[in-house]
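Here's the structure we're looking at; comments come further down.
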Protein chains: 2
Amino acid sequence: MGKPVTTSDPADEVHDAWLPSESFRALGARRVLVRGGGTLVETVVREAEAACERHGGSVRHQAHGDRAPADSVPGDGGSGDGTPGDGAFDLILALGRAAAPSWAAAGIERDGTLGAEGYALARRGGVTVVLADEPAGLLYGFFHVVRLGEAAFADAFAAQRHEPALRERMLDHWDNVDVHPVTRQVERGYSGGSIFWRDGVARGDHDRVRAYARLLAACGINAVAVNNVNVHATETRLLTDRLGDVAAIADLLRPYGIRVHLSVNFASPVALGGLPTADPLDEAVRSWWAETTRRVYASIPDFGGYVVKADSEGQPGPFGYGRSHAEGANLLAEALAPFGGTVHWRAFVYDHRQDWRDRSTDRARAAYDHFTPLDGLFRQNAVLQAKYGPMDFQAREPVSPVLAAMPATRLAVEFQATQEYTGQQWHVCYLGPLWSEVLGFRPWGPDGRTVAEVAAASGGALVAVSNAGADRFWTGHPLAQANLYAFGRLAWDPRLDPIAVLDEWITLTFPGCSSAQSEAGERLRGTLHAMMDESWRTYEQYTAPLGVGFMVRPGHHYGPDVDGYEYTSWGTYHFADRDGLGVDRTRATGTGFTGQYPKPWSDTYESLDQCPDELLLFFHHVPYTHLLHNGSTVIQHIYDTHFSGVERVARMRLAWEQIEADGLVDRDLFARVRDRLDEQLRCAREWRDQINTYFHRKSGISYQRCADTGACCAEERRPDENGASHCRCRCRRIFF
Amino acid sequence: MGKPVTTSDPADEVHDAWLPSESFRALGARRVLVRGGGTLVETVVREAEAACERHGGSVRHQAHGDRAPADSVPGDGGSGDGTPGDGAFDLILALGRAAAPSWAAAGIERDGTLGAEGYALARRGGVTVVLADEPAGLLYGFFHVVRLGEAAFADAFAAQRHEPALRERMLDHWDNVDVHPVTRQVERGYSGGSIFWRDGVARGDHDRVRAYARLLAACGINAVAVNNVNVHATETRLLTDRLGDVAAIADLLRPYGIRVHLSVNFASPVALGGLPTADPLDEAVRSWWAETTRRVYASIPDFGGYVVKADSEGQPGPFGYGRSHAEGANLLAEALAPFGGTVHWRAFVYDHRQDWRDRSTDRARAAYDHFTPLDGLFRQNAVLQAKYGPMDFQAREPVSPVLAAMPATRLAVEFQATQEYTGQQWHVCYLGPLWSEVLGFRPWGPDGRTVAEVAAASGGALVAVSNAGADRFWTGHPLAQANLYAFGRLAWDPRLDPIAVLDEWITLTFPGCSSAQSEAGERLRGTLHAMMDESWRTYEQYTAPLGVGFMVRPGHHYGPDVDGYEYTSWGTYHFADRDGLGVDRTRATGTGFTGQYPKPWSDTYESLDQCPDELLLFFHHVPYTHLLHNGSTVIQHIYDTHFSGVERVARMRLAWEQIEADGLVDRDLFARVRDRLDEQLRCAREWRDQINTYFHRKSGISYQRCADTGACCAEERRPDENGASHCRCRCRRIFF
């Protein structure tokens, strides 16, 4: 980390993200003992050694600790084999049988296993111990100690057990190997090129990939799909003759406990195998996949599995052969099963050639309608991967009902760390609170399980589309690193408070916040919280209102275009007319989508009175004068939130300007954030003015009340010298 | 012509357009004498020889006819040098002094000259004569005889003199040498690749370029700019180290009387010359242009000159140096003057970064505001090239007022044969009537001059952006060939009836119409007229209403998107709200654009009562209920014309289907046209439904009257089972 990637110009150095040297200070100043062997333990040793070298501590490694004598006395000054006793160390990380002596020393009752990735953590008698059954657990425990900083070595604390809620915590990279003529190097990528690929070949930047793996391990991610789910010609070949490129990446990720997955082309047997069909029930097709998969595992023994986008937005799939998606998924699952691999089968299947004139077709219904009849038909190593909402990663959607409707299917919830619809890493938009809401949503009401619990119990996964790229700050907007970090942490433990996770990220990423121990440090922390805690809701305020979604520029999806998708085939409409707007998805008079939810939500969403304000226009078509629970009319709410959203961004920008003087933030990072805040403010204003003007022109209803003064201006608007219309109160808010 | 270009598959043969072998039958069956020498006369001889070889006639060429003895007796059986007398020929084409004997024979009074391109034509005593002072005249006269067909050899007719109204009749090719990442090989090209360039190099298809030159000469075009006015990096170098490519094209066009022009980068002194500035008043810059231009003429002695798009849509220009556009244009004019070259300076200068909120800025004003202060300041060899309308090649715009406001400036009127905004050669849209309206427009009222007369008197030009490309039918849509043909013919004589020109084109292009002399031939001619005569007005009917323009999908400009440009920086708005739409460009309450016209139009356009219906929304913002002169309300007119436009296209398509059986149309051409009519119908329906639905949603006003039945249905619309709204009358027209 921190090493120049291509040149020695410091401006080209890759940013350390949440693992700057400073974040290892507490651990690196200690005497560390690592007990255990194997690749991942060696990673821990190397990490500890690097930290101690920088900060004055020391590391002792008992590589063969697994065979350490059972009679070594915990806590004493030495052991029979000449190793100093545990008491000679400040931190002990011990694996498997090697850890046995330390259990008692740490006062930890050993009941049950810690699992493949879990660890126990305690501090007693001046020694901090991390114990794990398996190497990955030791690695995660190590990074836990890093996160704790000095707190890991202060007061004693009782044993804590940590295990990930979800077995698989995965990033999907929508990276192309070739530069695609439309989607370029990274589809929906806003962070420069790909970490893995450049201009048709593997990028070969091993330092960068290793650094990435290290960041991911530190936040708990354990799986990475290395290519775009839209699998083009060159990318198809990663499965066979270009497999070496994938194996090379796997070699770099493996030391950090990360398995590689591959997005594959369902038509591979035709495209690569020369077969006349890719029919999942064809024997030759099955053999081809079996043999091809065997070869993959010969190269990459810990290969994670396949990711498939089939019959979606032009990708091939089982429908082409009259087969079901279960038959399609099972074809690949069967090939992967002998090797312990998994197929992630995406549920993002809908008609993208819908007739906008046809109000009976509802894209929101698609995943449920396609997949719930298949519940129970998927093989055990097939995971159905559904976007968190029924549409497409909007800033506000209800939770996808498919997640509550597949009890006999392994489910992965897919998030989008890359900010396609949430500001494309030009806007500050911390997504932790959005993801947390989704993960904590209880489809069966307050007494039922959460979405996270459903996914975990199904043996499923959490997945995010990665927002990282070859950009030196990893994510274009430096503050967007927090989304990557938060995804990993929430995937490990969905119950974490997203603001606490953000605070963790701030502490790690901006050591000035803590190490300065000063007013300035607190100011910086406060500023970051002020900018980021509510940034998702701020983004929601100035963009499409009340859950109706979209209203973005077609194609690139950045910036406003209220009617941009209104008359297209994409199934994303708002149906605004002069009287009102919103999509009637009720059972009573609409598309019936509300019926896809179990009670109580099927009733809550159906009811105009009970439907939460923030989702009103997702479920109902209402007049502009409809009264919200918050007391505003819909039209007034639109106006108010759009004015308020921009004001919040302006404050955000001002706050950032003010931290410059304190000098606790790297100059380049400061400048990058400042420039992006300028753009965010410009763009937020554009959203405000377009949305407000559009609805003012359409509804003819004037702005009624100043959000800031509470004063009323019920009079008609009047044109000023430029033809713009002002309301008459002193707030001087403007429509165009 | 007709020769395979790359393979011998007949399907790859380039279409003959308006010069099929059959169109030379009358001439080719005659005894032809050509008198005169030089390149262009040799072209005439070669053309005549090829025709006679195919159709049984004969050609005699007196290359040194210029020195023919003065005493040869016209009309007798022989001459002193052994040449048969004129009476031995059916057709005599004679040049300059060589023509002298023929003047009297043809009974033509020789008064004044015929000019550089004029010719006289007569038939007397069984001999048809074409006489010219200069070689180009002979070539144009030759093609006149081709157009006449058998009529050239039937009844005697008195002498006609023909001279082009405009000295320069030019095509601008928006062809890129490199494939541009956004605009591809040809910007706004809908006919395959470029005739001249492919993938960064000259295409080197000499046959194709020659065939093109021949088609152009046959309709009267005498100048071609061979590269895009947006001059990118590679194209900039055509001026210097890539000049050889241009010279090679010039060599191919020269035999058909066509001069080559080059679009140049105003910043060439910097980009190519290594100078620190391109300031037009800088002495080194002037020297650079002088020397560079001298070199151009050393390679291409008949080089036409430069075309410049400066300070427009991102192109560099004199504004960058604080200089005026006259100073910019004069810089190049000065360099060209010693060699007789001309600079075409485009008047398409406007602010493409306009704030849509600012209703005081009016893009329509831009050319006038920028250029009229410069009237009289341009050098004699500078031509100001203005688009015919104040906006950008819309299907309906008023004539640009700049054309009536620059009395001391040479003016070129620019049309767009390539159908950027008129259906992109997927839609039948014969533009002759549009161009004819513009050319015949009288800015000073019925007693004043026409636009064509203004341009001609100024010593200006008519220019069209070419619609031809590497497509085997030249223009994508075979019927779009008519636009290229009509442009040439109207540029030669703007007073021609565009429908008569179309008929000429039909006769030449579809010999089956005449040669069959049958009912089927007449049916074909009738069908083509039925499809094409009104096709521009049909297109206007189903697209943006009443002159308001745009409403196209941003970027590619194909298909509808009512609000696509409404909130952008491009200055193209309709300002529709729930009460009405249109742009107030009056002096009284709007942008004042009407004041750029002389009387009577400044008053006509200003007046809501007098403004022509078809331009109403260009000049006025009116309520949907405003009554048009035609008795409809604006909203009802929108509905009616959109229904009617689609019905017309449906009839067009049906008519075309019915001519297949007669077999007078080449199968490939038939199929190409049929496929494009399918797309036109689909697209027209999309326009209809989007426009009508948009305005129905916005106005809330129902369809009031059936265009086809005249019945009334003032009732409210009601939703059908699909949620679509039907009016209740039996016409069942649908809103969505």
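Can you give me the number of residues within region B:285-298 that are surrounded by 14 or more Cβ atoms within 10 Å (Cβ to Cβ) and either assigned to a loop (DSSP other than H, G, I, E, B) or touching a residue at least 12 places away in the same chain (Cβ under 8 Å) (or both)? Let's see the steps before the verdict.
Going through region B:285-298, the residues surrounded by 14 or more Cβ atoms within 10 Å (Cβ to Cβ) turn out to be B:285-290, B:292-293, B:296-297.
Pick out the ones that are also either assigned to a loop (DSSP other than H, G, I, E, B) or touching a residue at least 12 places away in the same chain (Cβ under 8 Å) (or both) and you get B:285-286, B:288-290, B:292-293, B:296-297.
So the count comes out to 9.
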For this session: Name every residue in region A:536-564 that is more than 10 Å from every other protein chain (Cβ to nearest Cβ) and either open to solvent by 20 Å² or more (accessible area, probe 1.4 Å) or free of Cβ contacts under 8 Å to residues at least 12 places away in the same chain (or both), in order of residue number.
Result: A:537, A:540, A:541, A:556, A:558
Problem set entry | Selection within region A:661-672 - more than 15 Å from residue A:525 (Cα to Cα) and of a type in the set (A, V, I, L, M, F, W, C) | A:669, A:671
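A quick yes/no check of all residues on (1) at positive phi; (2) within 11 Å of chain B (Cβ to nearest Cβ); (3) surrounded by fewer than 21 Cβ atoms within 10 Å (Cβ to Cβ):
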{"position": "A:668", "(1), (2), (3)": "no, no, yes"}
{"position": "A:676", "(1), (2), (3)": "no, no, no"}
{"position": "A:685", "(1), (2), (3)": "no, yes, yes"}
{"position": "A:691", "(1), (2), (3)": "no, yes, no"}
{"position": "A:695", "(1), (2), (3)": "no, yes, no"}
{"position": "A:701", "(1), (2), (3)": "no, yes, yes"}
Exercise. Which one is modelled with the lowest pLDDT among residues in region A:648-702 that are touching a Lys or Arg at 6+ places or on another chain (Cβ under 8 Å) and of a type in the set (Gly, Ala, Ser)?
Worked result: A:702
For this session: Would you mind stating whether residue A:279 is under 27 Å from residue A:184 (Cβ atoms), part of a loop (DSSP other than H, G, I, E, B), in the same structural domain as residue A:178 (by TED's automatic domain parsing) and open to solvent by 10 Å² or more (accessible area, probe 1.4 Å)?
Result: no
Exercise. Only one of (1) open to solvent by less than 10 Å² (accessible area, probe 1.4 Å); (2) in contact (Cβ under 8 Å) with a residue 60 or more places away in the chain; (3) more than 30 Å from residue A:523 (Cβ to Cβ) fails for residue A:625. Which number is that?
Worked result: (1)
Exercise. Which members of region B:467-509 meet the condition of being open to solvent by less than 10 Å² (accessible area, probe 1.4 Å), in a loop (DSSP other than H, G, I, E, B) and not hydrophobic (A, V, I, L, M, F, W, C)?
Worked result: B:467, B:469, B:475, B:476, B:477
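Condition test on residue A:321, is it touching a Gly at 6+ places or on another chain (Cβ under 9 Å), open to solvent by 40 Å² or more (accessible area, probe 1.4 Å) and in the same structural domain as residue A:379 (by TED's automatic domain parsing)?
yes
In the list A:362, A:355, which residue meets the criterion of being in contact (Cβ under 8 Å) with a residue 60 or more places away in the chain and open to solvent by less than 30 Å² (accessible area, probe 1.4 Å)? Give the derivation first.
Values: A:355 fails: open to solvent by less than 30 Å² (accessible area, probe 1.4 Å).
Testing whether each residue is in contact (Cβ under 8 Å) with a residue 60 or more places away in the chain and open to solvent by less than 30 Å² (accessible area, probe 1.4 Å) leaves just A:362.
Can you find a residue in region B:510-520 that is in a helix (DSSP H, G or I), within 28 Å of residue B:461 (Cα to Cα), touching a residue at least 60 places away in the same chain (Cβ under 8 Å) and over 17 Å from the mean Cα position of the chain (by Cα)?
From region B:510-520, those in a helix (DSSP H, G or I) are B:512-515, B:519-520; that's our starting set.
Still in the running and within 28 Å of residue B:461 (Cα to Cα): none.
No, region B:510-520 contains no residue that is in a helix (DSSP H, G or I), within 28 Å of residue B:461 (Cα to Cα), touching a residue at least 60 places away in the same chain (Cβ under 8 Å) and over 17 Å from the mean Cα position of the chain (by Cα).
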For this session: Scan region B:374-390 for residues that are surrounded by 23 or more Cβ atoms within 10 Å (Cβ to Cβ) and more than 19 Å from residue B:549 (Cα to Cα) and report the count.
Result: 5
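Answer yes or no: is there a residue in region A:186-194 that is over 21 Å from residue A:461 (Cα atoms) and in a helix (DSSP H, G or I). Don't jump to the end; show me each part of the working.
Step one: of region A:186-194, the residues over 21 Å from residue A:461 (Cα atoms) are A:186-194.
Subset that is in a helix (DSSP H, G or I): none.
No, the conditions are met nowhere in region A:186-194.
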Exercise. Of the residues A:214, A:188, A:184, A:198, which is without any contact (Cβ under 8 Å) to a residue 12 or more places away in the chain and of a type in the set (D, E, K, R)?
Worked result: A:184
For this session: Could you check, for region B:33-55, whether at least one of its residues is modelled with pLDDT of 95 or more and farther than 27 Å from residue B:134 by Cα?
Result: yes
Exercise. If you check A:393, A:371, A:339, which single one turns out to be crowded, with 20+ Cβ neighbours inside 10 Å, assigned by TED's automatic domain parsing to the domain that holds residue A:231 and more than 18 Å from the chain's Cα centre (by Cα)?
Worked result: A:371
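Do we find that residue A:482 is more than 21 Å from the chain's Cα centre (by Cα), modelled with pLDDT of 95 or more and of a type in the set (Gly, Ala, Ser) in this structure? Spell out how you get there, then give the answer.
Details: more than 21 Å from the chain's Cα centre (by Cα): no; modelled with pLDDT of 95 or more: yes; of a type in the set (Gly, Ala, Ser): yes.
Judged against the criteria, residue A:482 is not a match.
State the number of residues belonging to region A:14-49 that are in a helix (DSSP H, G or I) and over 27 Å from residue A:97 (Cβ atoms). It would help to see each step written out before you state the result.
Filtering region A:14-49 down to residues in a helix (DSSP H, G or I) leaves A:21-28, A:39-49.
Next, only the ones that are over 27 Å from residue A:97 (Cβ atoms) stay: A:21-26, A:28.
Residues in region A:14-49 being in a helix (DSSP H, G or I) and over 27 Å from residue A:97 (Cβ atoms): 7 in total.
Does residue B:448 satisfy the criteria of being assigned by TED's automatic domain parsing to the domain that holds residue B:224 and either over 30 Å from residue B:693 (Cβ atoms) or in a helix (DSSP H, G or I) (or both)? Can you show your working first?
On the way: assigned by TED's automatic domain parsing to the domain that holds residue B:224: yes; either over 30 Å from residue B:693 (Cβ atoms) or in a helix (DSSP H, G or I) (or both): yes.
For residue B:448, the condition - assigned by TED's automatic domain parsing to the domain that holds residue B:224 and either over 30 Å from residue B:693 (Cβ atoms) or in a helix (DSSP H, G or I) (or both) - is met.
Restricting the search to region B:152-199, which residues are among the small types (Gly, Ala, Ser) and open to solvent by 20 Å² or more (accessible area, probe 1.4 Å)? Outline the logic, then answer.
Narrowing region B:152-199 to residues among the small types (Gly, Ala, Ser): B:152, B:154, B:156, B:158-159, B:165, B:189, B:191-194.
Passing the criteria: B:154, B:156, B:158, B:159, B:165, B:189, B:192, B:193.
Residues checked against (1) more than 13 Å from every other protein chain (Cβ to nearest Cβ); (2) more than 29 Å from residue B:406 (Cα to Cα); (3) in contact with a Leu (Cβ under 6 Å, 6 or more places away or on another chain):
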position: B:567; (1), (2), (3): no, yes, no
position: B:583; (1), (2), (3): no, no, no
position: B:591; (1), (2), (3): no, no, no
position: B:600; (1), (2), (3): yes, no, no
position: B:606; (1), (2), (3): yes, no, no
position: B:612; (1), (2), (3): yes, no, no
position: B:616; (1), (2), (3): yes, no, yes
position: B:628; (1), (2), (3): yes, yes, no
position: B:636; (1), (2), (3): yes, yes, no
For this session: Starting from region B:457-472, take each residue that is free of Cβ contacts under 8 Å to residues at least 60 places away in the same chain and list its partners that are in a loop (DSSP other than H, G, I, E, B), counting only C-beta distances under 7 angstrom and pairs at least six apart or across chains.
Result: B:458/B:409
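Would you say residue A:614 is under 17 Å from residue A:538 (Cβ atoms) and modelled with pLDDT of 95 or more? Show your work before the answer.
On the way: under 17 Å from residue A:538 (Cβ atoms): yes; modelled with pLDDT of 95 or more: yes.
When the stated conditions are applied, residue A:614 passes them.
For region A:401-445, how many residues meet the condition of being assigned to a loop (DSSP other than H, G, I, E, B) and of a type outside the set (Phe, Trp, Tyr)?
Taking region A:401-445 first, the residues assigned to a loop (DSSP other than H, G, I, E, B) are A:405-409, A:417-431, A:441-445.
Next, only the ones that are of a type outside the set (Phe, Trp, Tyr) stay: A:405-409, A:417-420, A:422-425, A:427-429, A:431, A:442-443, A:445.
Adding up the residues that qualify gives 20.
The values are calculated or read from the model by the stated rules, or taken from the named source; none is laboratory data. Because the structure is predicted, anything quoted here is derived from the model rather than measured. So basically every Cβ, Gly included, is an ideal-geometry build from the backbone, and we count neighbours across all protein chains shown. These accessible areas exclude ligands, DNA and RNA; they are computed on the full protein's heavy atoms, side chains included. Shrake-Rupley method; radii C 1.70, N 1.55, O 1.52, S 1.80 Å.
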